[in-house]
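Participant: I have a structure I would like to understand better, so I am pasting it below and will then ask my questions one at a time.
Each value in this text was obtained by applying a stated rule to the coordinates, not by laboratory testing. What you are looking at is a predicted structure, and each value in this text was computed from that prediction instead of being measured. So basically every Cβ, Gly included, is an ideal-geometry build from the backbone, and we count neighbours across all protein chains shown.
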Amino acid sequence: MNTKWSPGSPSTPTSVSTLRRIQVGDVELALEDHGRGEPLVLVHGFPFDRRMWRGQIGAFDGFRLILPDVRGHGESEPAPPPYSMTTLAEDLRQLLDHLGLDRVVIGGLSMGGYIALAFAARYPERLSALLLIDTQAAADSPEAREKRAELSARARRDGVEAVAGEMLERLVGGRNVTPEVADLVRQMILDTSVEGMVGALAGMAARPDSTPLLPKIACPTLVVVGQDDAVTPPETARSMAASIPRAELVEIPSAGHLAPLEQPPAVNAAIRSFLARALARPAAR
Ligand code: MLT
């Protein structure tokens, strides 16, 4: 059973040389730090880790790419559950403070998007732009909460291996996923600690509806969705983008819920083009 966190447990780290560990409050978080320039922080989904951004490494010249593992995921230490989205956004804020970064671009996929929205609600002045990828603003339905509680109980009782198959089917069941991507996703699920899984499930189930926040988001925002995303589908992304004043929407063909892993060139091109416009400074006189 994968109940204990041990440093270095993920079997295929993306880049060992850039791995850093930073103590924030009660946990030590692991992150990769690549390149120089405008800080671009990408937050992974559930139950994954920073390896899901492997197709983004090296794709953003002029940016410093920061890829944290959420507490209890990847190589970040777990803490006792639950992990509210506010707690996870606070982890992020402390991480940025530690790195001396005031304003950043934050991007999040799915759960990472819930965390990015919780961050946007608390620290709007620290966001130069926001990327909401294969995610949603709405809270869980009662059925979704019940499902999370069942999954959590099974993970506690039987370990993450017992729930990995079902999760894999839900998250990468689509026709766009190569066997190699499916293997990586499976490995990331298996490398998530039980505490991390239970903590995040409880936090996601309790997350508030962020829909009222959307019209108040003032920074440029890019909403990205895989056209075949069955978990957070394109209709959801369209209505989220329509509610954010400075949002743009890009739909990625031949991609499901994990568009950045499934179609990295298309996602990277969309992000690059958006950031070039969003962060363009007025010419100095
Ligand atoms: C994720 O990819 O982070 C999950 O699908 C989010 C969720 O379960 O709501």
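Participant: About its Cα centre, what dipole magnitude does the chain give when the only charges are +1 on Lys and Arg Cβ and -1 on Asp and Glu Cβ, stated in debye to the nearest 20? If you can, show how the numbers build up before the last one.
Facilitator: Numbers: 30 positive and 35 negative charges, 161 e Å.
Computed about the Cα centre, the dipole is about 780 debye.
Participant: Applying a 10 Å radius around every beta-carbon, put 226-235, 200-209 in order of their mean neighbour count, most first.
Facilitator: Numbers: 226-235: 18.8, 200-209: 20.4.
Ranking, from highest mean packing down: 200-209, 226-235.
Participant: Round to the nearest 10 and give me the degree value, 0 to 90, for the angle of helix 179-190's Cα axis relative to the longest principal axis of the chain.
Facilitator: Orientation of helix 179-190: about 70 degrees from the principal axis.
Participant: By how many degrees, between 0 and 90 and to the nearest 10, does the Cα long axis of helix 142-158 differ from the longest principal axis of the chain?
Facilitator: 50 degrees
Participant: What list of whole percents do you get for P(r) of the chain, with Cα-Cα distances grouped in 10 Å bins up to the one holding the largest distance?
Facilitator: Histogram of Cα-Cα distances, whole percents per bin: 7, 32, 40, 19, 2, 0, 0.
Participant: Each residue of the range 98-108 in order: what ³J(HN,Hα) in whole Hz does its phi give by Karplus 6.51 cos²θ - 1.76 cosθ + 1.60, θ = phi - 60°, with x for Gly and Pro?
Facilitator: Working through the residues one at a time gives 4, 7, x, 9, 8, 10, 9, 8, 10, x, x Hz.
Participant: Kindly provide the pair-distance distribution of the range 130-285 built from C-alpha pairs, with 5 Å bins from 0 and whole-percent values in order of increasing distance.
Facilitator: Spelled out bin by bin, the range 130-285 gives 2, 9, 15, 17, 18, 17, 12, 6, 2, 1, 1, 0, 0 percent.
Participant: Please report the projected area of the range 198-285's Cα convex hull averaged over all directions, in nm². Walk me through the numbers on the way to the answer.
Facilitator: Working: hull surface 30.6 nm².
With the hull built on Cα positions only, its mean projection is 7.6 nm².
Participant: Need one number: nm distance between label points at ASP26 and ALA269, each 7 Å from Cα along Cα→Cβ, rounded to one decimal.
Facilitator: For ASP26 paired with ALA269, the spin-label model returns 4.6 nm.
Participant: On to the next question. Please list, by residue number, every one of the trypsin sites (Lys or Arg not before Pro) in the range 34-106 that is coil in DSSP and has at most 12 other beta-carbon atoms within 10 Å. Present the calculation step by step, with values, prior to reporting the outcome.
Facilitator: Working: sites: ARG36, ARG50, ARG51, ARG54, ARG64, ARG71, ARG93, ARG103; in loops: ARG36, ARG54, ARG71, ARG103.
Qualifying residues, ordered by number: ARG36.
Participant: Another question, if that's okay. Taking H as built 1.01 Å from N, whose amide H comes closer than 5 Å to the amide H of VAL223, not counting residues under 5 places away?
Facilitator: Excluding prolines and chain starts, which carry no amide H, the hits are LEU132, GLU248, LEU249, VAL250.
Participant: Let me ask something else. Suppose R0 equals 30 Å; then what is the FRET efficiency for ARG103 and THR18 from their Cβ-Cβ distance, rounded to the nearest 0.05?
Facilitator: Numbers: r = 22 Å, r/R0 = 0.73.
Taking R0 as 30 Å, the efficiency between ARG103 and THR18 is 0.85.
Participant: Mind checking the alpha-carbon convex hull of the range 73-203 and giving the volume per residue in Å³? Working shown, then result.
Facilitator: Values: hull volume 16.1 nm³, N = 131.
Roughly 123 Å³ of hull volume per residue.
Participant: Put +1 on the Cβ of each Lys and Arg and -1 on the Cβ of each Asp and Glu in the range 166-285; which of SER273, VAL250, VAL185 then has its Cα farthest toward the positive end of the dipole?
Facilitator: Checked the options; the winner is SER273.
Participant: Separate question: Using alpha carbons only, how many degrees (0 to 90, rounded to 10) separate the axis of helix 161-172 from the longest principal axis of the chain?
Facilitator: In the chain, helix 161-172 runs at an angle near 30 degrees to the longest axis.
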